[in-house]
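First comes the structure, then the notes that go with it.
The values are calculated or read from the model by the stated rules, or taken from the named source; none is laboratory data. The structure presented is a predicted model; accordingly, all values stated were derived computationally and were not measured. Don't worry about glycine lacking a Cβ; one is built from the backbone with ideal geometry, like all the others, and counts go over all protein chains shown.
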Amino acid sequence: METLLKEREWKIPLILVKTFAIFTFTILTAFGAYIYIPLPFTPVPITLQVFFVLLSGMYLGASRGFLSQLFYLFLGVMGIPVFAKTSAGINILFGPTGGYLIAFPIASFIMGKLLNPPFRKSKIFFVSFISLSIIYTLGILGLGVFFSFKKSFYSLLLMGVLPFIPGDILKIILIYSSSFYVKRFRSIL
């Protein structure tokens, strides 16, 4: 009986592994939204979402990272409370954080695309900065739309970018330190 178990290889179909990986990063991004710190001078809270958005691109690659974040948005739009402050609904995409949320799939795709094999750790800081810039740009644009462009560009920067830079630098450092596993993880997918 023991030799029968040794001879039999238990292989999980690759499509299931890929699907599980995509859903895992969807759930991690939702988890990141539940950890938030509201700031008194801005409607945009500090969350861990960006950390998982960038990780999804780095670990899953461009298309799967994009899908993980697109599915995250889909869950939230369909009414599952996966957005910050346990909110949900399509109206959130038209609120002050909508631009950031819409940027998540794009930033994950760019992160995965620019870190395409051959994977080089030296590119992580640069690529993370580019992906983060996409989130900041669409986030400020969303804030501008939310405030009907009645706020100055400087006010939007104060509300939507500057308070988040120190935390995002720390997130990028953590992303870099976890990059040891990327080659191994991507070889599975």
Subset of segment 68-83, residues within 16 Å of Ile27 (Cβ to Cβ) and either surrounded by fewer than 24 Cβ atoms within 10 Å (Cβ to Cβ) or modelled with pLDDT under 95 (or both), comes to Leu70, Phe71, Leu73, Phe74, Leu75, Gly76, Met78, Ile80, Pro81
Does segment 114-136 contain any residue that is touching a Pro at 6+ places or on another chain (Cβ under 9 Å), aromatic (Phe, Trp, Tyr) and over 21 Å from Phe31 (Cβ atoms)?
no
Out of (1) in contact with a helix residue (DSSP H, G or I) (Cβ under 6 Å, 6 or more places away or on another chain); (2) outside any helix (DSSP H, G or I); (3) not aromatic (Phe, Trp, Tyr), the one Leu156 does not meet is (2)
Take the conditions in contact with a strand residue (DSSP E or B) (Cβ under 9 Å, 6 or more places away or on another chain), loosely packed, with under 13 Cβ neighbours inside 10 Å and under 22 Å from Phe147 (Cβ atoms) and apply them to Ile92. Does it pass?
no
